[in-house]
Amino acid sequence: MVAVIPLLLLLLVFAGPSSATDSPPSFETIAKKADQARQADRLNEALTLYSEGVRVRPSWADGWWWQGSILYDQDRFADAQAPLKHFLAVSSKPAPAFAFLALCEYETGDYDHALQHFAMWAKHGSPGNDALLDVAGYHWALLLTREGKFNPALFMLAAKAQKLGARPALTEAMGLASLRVAALPENYPAEKREEVWLAGMAAVYSSLNELPLSEDYAGRLLRLYGKETNVHYFRGTLFSFQKQWDSAAEEYQKELEISPENAAALVELAVARVEGFEPNEALAPAKRSVAIDPENARAHYIYGRALFETGSYQQSAQELGVAKRLAPESARVRFVLSNAYKHLGREQDAKREQAAFLALKDKEEVLAPLDEKLNSHAPAGRTQ
């Protein structure tokens, strides 16, 4: 025992003061070291430090942000989601994280939540640099196409095409949306790839206003695949964008010979007839379109407008009321509805809808539905 006691005393001498004076590093020290490691590209060390920092201070927004960002940059999309969600919960300016979270969810196949978070990103003004805008907008458009929301997808993709040109991935995405193929690029049938590519090239060059090239690809598409569903429909949309209403109507009618219950072709045929000063010819296809697709705001709008143009103001107001319910932020619906109310002598209702039209028109770059922006004919039309 005599030999043991000095050793125990020695251990106490050296162990005691250390345990009394050492303390965990402060939050400020951890945060500083984390930032230094990140800036020096020591990313794994930075991740460890950011994790320690948010454990010490869970309200540290920057810690959650950088942790999620580093994991995202490392393609660790599943791991990045938790810190990004924490950032959204604690940050006073969370908006860009909605897009990053949506991109992570896209990569992990959580498409429903990705759509929700892309929509939240847009609701906050779609902030971010050009790279984020391009990547997020492209992937959001892919998901809209998968959901069958082809017009909003095309609006977004056309904007990208005007900036980036005929890039292969963008061309394929525009082809899918143009032909109304509700699938992601990696999932649609391989035998449709040439058809999709030709449609995509025609759509890209149309968005770039390079009409001879667009016509060339559209012509090749028709020659090779003119009996396939939605090919004539797509050709009609190209004519519609050029306001060649008779040619557009002819293509929509050809589409209906192939697929008689094609609600989209019926709607656009009705639009072409109304815009081509033939509202009586629009009534039948418009009425069929709302019967086939009763939740289609554009179908109810064009039916209501055709009824207005032919003097059926009471029915027009009813159809436009449905369109208003389905698309409350549509300026054009409010405009025509206001005029319908005027003809019915409902002055207060007319004033209310006119005020709503003016408010929405002033904010149309933010609030207008994407498919309304895509089909951006003047909302006033001839309805005076």
inquiry  = If I fit a long axis through the Cα atoms of helix 61-73 and take the longest principal axis of the Cα atoms of the chain, what angle between them do I get, 0 to 90°, rounded to 10?
reply    = 70
ask   = What's the angle, to the nearest 10 degrees (0 to 90), between helix 313-326's Cα axis and the longest principal axis of the chain?
value = 20
ask   = Per-residue ellipticity at 222 nm for the chain, helices alone: DSSP H runs ≥ 4 residues times -39500 (n - 2.57), over residue total, nearest 500 deg cm²/dmol?
value = -24000 deg cm²/dmol
Helix axis angle, 150-164 relative to the chain longest principal axis, alpha carbon, degrees = 70
task = Set Lys and Arg Cβ to +1 and Asp and Glu Cβ to -1, take the dipole of the stretch 129-228 about its Cα centre, and tell me which of His139, Ala203, Ala153 lies farthest positive.
result = Ala153
key: Over the chain, volume per residue of the alpha carbon convex hull, in Å³   = 192
query = In whole Å and largest first, what semi-axes does the C-alpha gyration tensor of the stretch 129-228 yield when each eigenvalue is scaled by 5 and square-rooted?
reply = 21, 17, 10
inquiry  = Give me the one-decimal nm value for the distance between modelled label points at Ser312 and Leu358, 7 Å along each residue's Cα-to-Cβ direction.
reply    = 3.2
remark   = The lysines whose Cα lies under 20 Å from the Cα of Lys287, excluding any fewer than 8 residues away in the same chain, are Lys254, Lys324
task = Show which lysines lie in cross-link reach of Lys93 when reach means a straight Cα distance below 17 angstrom and same-chain residues fewer than eight apart are skipped.
result = Lys85, Lys123
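Each value in this text was obtained by applying a stated rule to the coordinates, not by laboratory testing. Because the structure is a prediction, the values reported are computed rather than measured. With ideal geometry, Cβ positions are generated from the backbone for all residues, glycine too; neighbour counts draw on all protein chains shown.
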